[in-house]
Amino acid sequence: FRWNDFEQTFFAFTPRREVRGLQTYGHLTGLGELPAPSRVELLPYVTTRGEYRNVHPDNPFRSGSDYVFDAGLDLKYRATSNVTLNATFNPDFGQVEVDPAVVNLTQFETFFSERRPFFIEGRELFRFGQIRTYNSYGFPTAFFSRRIGRGLPTFADDPADSVFFDAPDQARILGAAKVTGKTTGGWSLGIIEAMTREEQLEIQVRDVRQRDVIEPLTNYFVGRMGREMRRGNTLAGAYVSAVNRDVDNEGITRGLRREAYTGGIDLQHTWHNRTWALDASLMGSYVGGSHDAIVSTQEAPQRYYQRPDAQSFRLDSSRTSLSGMAGQVALTKLAGAHWLGNIAWQQTTPGFEVNDIGFQGNADRRAFSTDVFYRETKPGKVFRNYVGGVFTNQAWNADGDIVFNNYAAFLDLNFLNFSGLSLRYDHVAPAFDDRLTRGGPVTRSMRGWVGQIGWFSDQRKRAFGNVNLSYDTYESGFTSTTISTNINWSPSPTVWVVAGPQYLRVYDPAQFYFGAPTGGPAATYGGRYVFAELHRHEVAMTARVNWTLSPRLSLQTYLQPLVSAGDFGPAKQLRAARTFEFDPATAINTSGSDFNFRSLRGNAVLRWEYLPGSTLFLVWQQFRSGAEPFGDFRFGRDVRGVFERRPENVVAVKATYWMPL
């Protein structure tokens, strides 16, 4: 790679009109006899951490300056030249970058990417059900490794009533083992076995203390096997997973599922010099537990079995298990001179559930997606290359109601000076919404229009960036404006700086406020579903500085300030099912829900490889957060308010020592 003229050199070049992949890789020969690495490697660690929190002086569990010492071990065993066993005992991931702060007003979980090294290494061998489409509606992720050692619910102290809580932030991993590898015969293998310990919540109310289990002893198993055939042009595989919890029928954990099992098969097939691809996968799931656990599963936002107008399912409080299926198939043109595209069908039955070990936003969906576009890769008088096309997405629930109906066009232009421009327009046709009332009847979703424009500068230069603008507007009155930028600067080959500010403004005429199955009109099946207008402003920025001081010494820093303000307007009540019409709810005062949330999250990690394979980490994390009971947004006041918050700091030292055997 040459900095000045953006020249790229490939060991095995693949023309732009063909598909890259294993089949085009070069072969490295003639290296002679290389020394064999050690078959066994041990990597013990020790760490000490100081936590400096803002705690009430009457808190019996924390002093505000608390210290923790810990130790653990990583192991690597090379069973063969192609198969490796990795194991970790009482792992610590304190050097991993913190998650960003978010303000989530939906009923759905926020997705955070995996950053822990043990689960990142070799994760491509665990991917299941990949379809190589340019456009698809979305599909559950079978394996989401962040479920192992998952975050736990937080509990707020109430010093006024002398109520204090002591609970861990996440489930601690007692140990995990991973087997990964590929054979010369084309087989690939990935197995993970992990166990997390029982976690307890301790509560003190005045002078009385009690304990409760908030996370039971849990075992996770994931197995993935695949076979490459026809020189990598056909890949077939199978996947299984199991989650088993030692759930007590009493206390907080009775709402957790006792077991969750998933199994599936998938296929990726290409032909005509990998010009065409047919991809498909099929999964089945089973979850079991107490009546409370399965009722919670049925009532979860993924499915809402309690919906009063549902025809294809009903809430059954006597059930102790739930099962379902998910499948998809896609036909894609991967390569060619100009025209490319795909068609895809994806379906998830209402009872399908993989959130114990995967990530799933929706069940009860049937979706059809198309995409066709034209590209030119040969430079002309104005453009270095360009691509433009159209695509569609439609989705239905099990009752046959269309719940998403989108038609879009896009154009991406790359100029001769290596800058580029992207344009996109979406027409969202009227449909129905079976999630807006959060378990109530289906409502109408209105016609809308979405426009996006983005520009990026010459990435060959030491300083480059991009700007993106998105504007949504709907006949319901909903509007949303998002402006985001990303600036990259490398003043030297060893320093990389990136900053990405973002601004969001939203007006939602019907933000869900609360719902009740009784107290409403017959037109809403007797339920009462109250919404409120919401004006929301949010400003955030993500900044990173990576500095490589030497091949063995580096510094990574991360900082994210965020301000989010929400101003609630008049309340309104849904007038009738399958409409987007409301009646005033004058007896409800929403002003007490206004918020002005301020947050600052950051960390710095100094990494020193003091001996080959042995590393010393110095870690500093800082958190500032708080909320005010007003919903207006003022940039200067609110940004100052972020830094006026009293900080909480965590300082840690972690040392590892590499021992080849």
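Hey, got the dipole for segment 112-182? About the Cα centre, +1 on K and R Cβ, -1 on D and E Cβ, debye to the nearest 20? Rounded to the nearest 20 debye, it is 800 debye. Accessible surface calculations at 1.4 Å, restricted to protein heavy atoms, place the chain at 50 Å² per residue. Cα centroids of segment 48-78 and segment 354-404: 45 Å apart.
If I stretch the segment between V497 and A516 completely, what's the gain in nm (0.36 nm per residue apart, minus their alpha carbon distance), one decimal?
Gain in length upon complete extension: 1.8 nm.
The residues packed around A236, meaning those with a beta-carbon under 9 Å from its beta-carbon, carry a net charge of -1 if Lys and Arg are +1 and Asp and Glu are -1. Its alpha carbons give segment 142-265 an Rg and a Dmax of 20.2, 71 Å.
What FRET efficiency, computed as 1/(1 + (r/R0)^6) with R0 = 51 Å and r the Cβ-Cβ distance, is obtained for Y52 and W339, rounded to the nearest 0.05?
Working: r = 60 Å, r/R0 = 1.18.
Between Y52 and W339 the formula returns 0.25.
Of the two radii for segment 505-652, the radius of gyration is 1.24 times the Kirkwood radius, both from the alpha carbons; that is the Rg over Rh value.
When you count the other C-beta atoms within 10 angstrom of each residue and take the mean per peptide, 524-537, 312-325 line up highest first as 524-537, 312-325.
Of all accessible surface on the chain at a 1.4 Å probe, what whole percent is carbon and sulfur? Carbon and sulfur atoms account for 57 percent of the accessible area of the chain.
Taking every Cα-Cα distance in segment 430-508 and sorting them into 10 Å bins starting at zero, the pair-distance distribution P(r) comes out as 16, 30, 23, 17, 11, 3 percent. If only the Cβ of Lys and Arg carry +1 and only the Cβ of Asp and Glu carry -1, the dipole of segment 566-656 around its Cα centre is close to 240 debye. Size descriptors for segment 73-215, from the alpha-carbon set: Rg then Dmax equal 19.9, 67 Å.
In segment 349-454, the alpha-carbon atoms span a convex hull of 144 Å³ per residue. With contributions of -39500 (n - 2.57) from each DSSP H run of at least four residues, the per-residue ellipticity at 222 nm computed over the chain stands at -1000 deg cm²/dmol.
Peptides 303-311, 362-370, ordered by how many other C-beta atoms sit within 10 Å of their residues on average, highest first, read 362-370, 303-311.
Compared with the rule-of-thumb size 2.2 N^0.38 Å for a compact globular protein, the chain has a Cα radius of gyration ratio of 1.04. Note on the chain: lysine pairs with Cα distance below 21 Å, sequence gap of 8 or more or different chains, count 4. For G631, neighbours were defined as the other residues whose beta-carbon sits under 10 Å from its Cβ, and their charges (Lys and Arg +1, Asp and Glu -1) total -3.
In percent, what relative contact order does segment 575-661 have, based on Cα pairs under 8 Å that are 6 or more apart in sequence? Intermediate values should be presented prior to the final figure.
On the way: 124 pairs, mean separation 26.9, N = 87.
That works out to 31 percent.
Between the C-alpha center of segment 433-475 and that of segment 250-312 there is a gap of 28 Å. Based on the convex hull around the alpha carbon atoms, segment 38-115 presents an average projected area of 9.0 nm². If I model a spin label at F165 and N486 as a point 7 Å from the Cα along the Cα→Cβ vector, what separation in nanometres do I get? Roughly 3.6 nm, to one decimal. Computed over segment 365-522, the P(r) tail beyond 21 angstrom holds 63 percent of alpha carbon pairs. Taken along the Cα-to-beta-carbon direction at a fixed 7 Å, the label points for A79 and L469 span 5.7 nm. Summarising the overall dimensions of segment 82-148 from its C-alpha atoms, the Rg and Dmax are 15.3, 47 angstrom.
The values are calculated or read from the model by the stated rules, or taken from the named source; none is laboratory data. Quantities reported herein were computed from a predicted structural model and do not represent experimental measurements. Methodologically, a virtual Cβ is constructed for each residue, glycine included, from the backbone with ideal geometry; neighbour enumeration extends over all protein chains shown. Note: accessible area is taken over every heavy atom of the protein model, side chains too, but ligands, DNA and RNA are not part of it. Shrake-Rupley method; radii C 1.70, N 1.55, O 1.52, S 1.80 Å.
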